[in-house]
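Participant: Below is a structure I'd like to ask you about.
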Amino acid sequence: MATAGGSETCSHGSSLESSLLLPTKEPNWEAIPESESEKLCIDDMLDVYCGEFGSWQLRHFVLTSLAWALEAFHTMVMIFADQEPGWRCVEGSGSRCDEKAESVCGLEPGSWEWEGGPGSSTVAQWGLVCGEKYKVGLVQALFFAGCMIGAGVFGHLSDSSLGRKGSLKTVCILNAIFGCLTSIVPDYFTYLLLRFLTGFSTGGVGLCSFVLATEPVGPTKRGVAGMSTFYFFSTGIALLAGIAYIFPTWRALYVASSVPSVLFLFLVIPFISESPRWYLVRGKINKAMKIMQAIAKSNGNNLPEGIILALDDEANDASNDNQSSSKEAVSGSIVDVIRSPVTSIRLFLAVGISFTCSVVYYGLSLNVVNLETNIHLSVLLNAVAEMPAFTITAVLLDRFGRKPLAIGTQWFSAIFCLTGSVVGSVRMWEVIKMGCGVLGIFGMAGTYNLLFIYTAELFPTVVRNAALGSATQAAQMGAILAPFVVVLGGILPFLVFGICGLVGGMLAYCLPETLNKPLYDTMRGIEEGEADWRIT
């Protein structure tokens, strides 16, 4: 039942009046008799005893969110590695080479050369121009296809056998291996395969990092914390621009962008904790309680004896007198999400919004990055320009709620995209169109950021990463299609982006609000909890 403050209470029982264990022994919370314990779900324990966002959560959040920078490295490296470099006529080529030509397609072989040599990019290395230019787009499409598959696979594994931390460790190992191997590929097709494999592992980085960083955070702080994770992604893009400037050849760039994954494995992963929520749903109460005790101690609080974690459906079920049930692993899959009347429509809506949002975000990103300016400066400015959107969305998140912001940011972007589709293409109008594109991506960056925290709150712990993985898969499909929308040219790209923004906003209108609602653990818990919310 919902309380007046908007959060759900899920505690019952009485406190333990005396110490059950010797101070020198490791506590065994599973052995505490149910009649002598007070059961609390994680949100209540964080709120009442541990602290919602203290020093422990801050340290854990920062360390875990660093993985977002790694995702940015492996995703955006293609901007520099696959760029078409400048060219110049070879001395003595005479009339065989015209430097005023728009491209090298009509020039005689041997009359021109790439600036920076053949090692400056994959385009120069394997001659991916003219009739072979489609191969650059194919690499990008297959990378995002790999991301789409990897998001589903690692979303399931992080909910089940590997856990959040185990999955994050696995994808970082794979990224480091595939990234370094990419730097020594002998031909285009091997390069294509390794970029697909890199996409497969990269697809799990963001969602594993996001869930692991936000699950130990209390309900009133979780929104702002979740929104703040994307600063690390934008910072990663900005850092990549500097790395690409220092390492101008594509092979050296792949090594330089993969080394941080190795450093993360050895310098950061050992100091990251597994999610107590995952431990709880897997029946590992002692491990979950040990983390909660560490959180309370680090935050300067005290976790009283006799307080024990329970799943939300157990803590609310007064008739439950079987303590052993809390020791059994509770599992779930995407099939359970589809079967449930509460979560099935949520999954459909989240997938649709993620798809339309990604088409607009990546499509507009390509338009901004492909301006005829210094590519390193363009990427840097594009990354920095997204940060105000994150800040504004984070500030307004807990004031107006997830649903109004999801609608407003998408329609804000849609308005400017549609405006860009009707303005002309003559000088001054071109400047206005550029401004429409910048404002369009400003709004959609806020949506893209918001969708992670919103989607995570819409589903219970047992299927959270699986659902988030499905939404991420849809986003990757949108990323695959975005470049094809861009090449349509004329008014069509802005028109498509505007329509996608309008449709995404309408889909968001059908979602429930999650502000101040508990983060449920089980399918039963969310079904019963949502029923209580509808009654009140």
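Participant: What net charge do the residues around residue 172 carry, taking every other residue with its C-beta under 14 Å from that of residue 172, with Lys and Arg at +1 and Asp and Glu at -1? Please report the intermediate quantities before stating the final value.
Facilitator: Details: positive: 164, 165, 169; negative: 71.
The answer is +2.
Participant: How much length, in nm to one decimal, is gained on full extension between residue 111 and residue 132, taken as 0.36 nm per residue of separation minus their Cα-Cα distance? If you can, show how the numbers build up before the last one.
Facilitator: Details: separation 21, 0.36 × 21 = 7.56 nm, distance 1.92 nm.
My answer for the length gained is 5.6 nm.
Participant: Averaged per residue, what accessible surface does segment 334-529 expose to a 1.4 Å probe, in Å²? Before the final figure, lay out the partial values.
Facilitator: Details: 7680 Å² over 196 residues.
Per-residue accessible area for segment 334-529 comes out at 39 Å².
Participant: For segment 334-529, with the dipole built from +1 on Lys and Arg beta-carbon atoms and -1 on Asp and Glu ones, taken about the Cα centre, which of 466, 478, 503 lies farthest toward the positive end?
Facilitator: Farthest towards the positive end: 503.
Participant: Hey, another quick one. With θ set to phi - 60° and the Karplus curve 6.51 cos²θ - 1.76 cosθ + 1.60, what are the ³J(HN,Hα) couplings of segment 455-462 in order, to the nearest whole Hz, using x for Gly and Pro?
Facilitator: Rounded to whole hertz, the list is 5, 4, 7, 7, 10, x, 4, 5.
Participant: Another question about this same structure. Could you work out Rg/(2.2 N^0.38 Å) for segment 334-529, with Rg from alpha carbons only?
Facilitator: Working: Rg = 17.5 Å, N = 196, 2.2 N^0.38 = 16.3 Å.
Dividing the Cα radius of gyration by 2.2 N^0.38 Å gives 1.07.
Participant: Do the alpha carbons of any pairs in 169/297; 135/169; 39/290; 39/165; 135/433 sit beyond 20 Å of each other, and which pairs?
Facilitator: Numbers: 169/297 27 Å; 135/169 32 Å; 39/290 15 Å; 39/165 26 Å; 135/433 29 Å.
Over 20 Å Cα-Cα: 169/297; 135/169; 39/165; 135/433.
Participant: Okay, next question. Excluding ligands and nucleic acids, what accessible area in Å² is computed for residue 485 using a 1.4 Å probe, to the nearest 10?
Facilitator: Answer for residue 485: close to 20 Å² accessible.
Participant: How would segment 168-249 be classified by its alpha-carbon gyration tensor: rounded, prolate or oblate, with rounded meaning a/c under 1.5 and the a/b versus b/c comparison settling the rest? Mind dumping the intermediate values first?
Facilitator: Values: a/c = 3.67, a/b = 1.83, b/c = 2.01.
Since a/c reaches 1.5 but b/c is at least a/b, the shape of segment 168-249 is classed as oblate.
Participant: Mind listing the phi-derived Karplus ³J(HN,Hα) values for segment 491-501, rounded to whole Hz, using 6.51, -1.76 and 1.60 with θ = phi - 60°, and x for any glycine or proline?
Facilitator: Along segment 491-501, the couplings run 8, 4, x, 4, 5, 4, 5, x, 5, 4, x Hz.
Participant: ³J(HN,Hα) across segment 249-266 via Karplus (A = 6.51, B = -1.76, C = 1.60, θ = phi - 60°), whole Hz, x for Gly/Pro?
Facilitator: Listing the rounded values in order: 8, 5, 5, 5, 5, 5, 5, 5, 7, 9, 4, x, 5, 5, 4, 4, 4, 8 Hz.
Participant: Leaving out ligands and nucleic acids, note down the accessible area per residue over segment 215-258 with a 1.4 angstrom probe, in whole Å².
Facilitator: Working: 1430 Å² over 44 residues.
With the other protein chains kept in place, segment 215-258 gives 33 Å² per residue.
Participant: Can I ask one more? How much net charge surrounds residue 183 when only the other residues with a Cβ under 13 Å from the Cβ of residue 183 are counted, with Lys and Arg +1 and Asp and Glu -1?
Facilitator: Working: positive: 195, 251; negative: none.
Charge balance in the 13 Å sphere: +2.
Participant: Kindly report, to the nearest 10 Å², the accessible surface of residue 336 as traced by a 1.4 Å probe over protein heavy atoms only.
Facilitator: Counting only protein heavy atoms, residue 336 exposes about 50 Å² to solvent.
The values are calculated or read from the model by the stated rules, or taken from the named source; none is laboratory data. None of these values were measured; they are calculated from a predicted model. All Cβ positions, even for glycine, are placed from backbone atoms using ideal geometry, and neighbour counts span all protein chains on display. Keep in mind that these areas ignore ligands, DNA and RNA; they rest on the heavy atoms of the full protein, side chains included. Shrake-Rupley method; radii C 1.70, N 1.55, O 1.52, S 1.80 Å.
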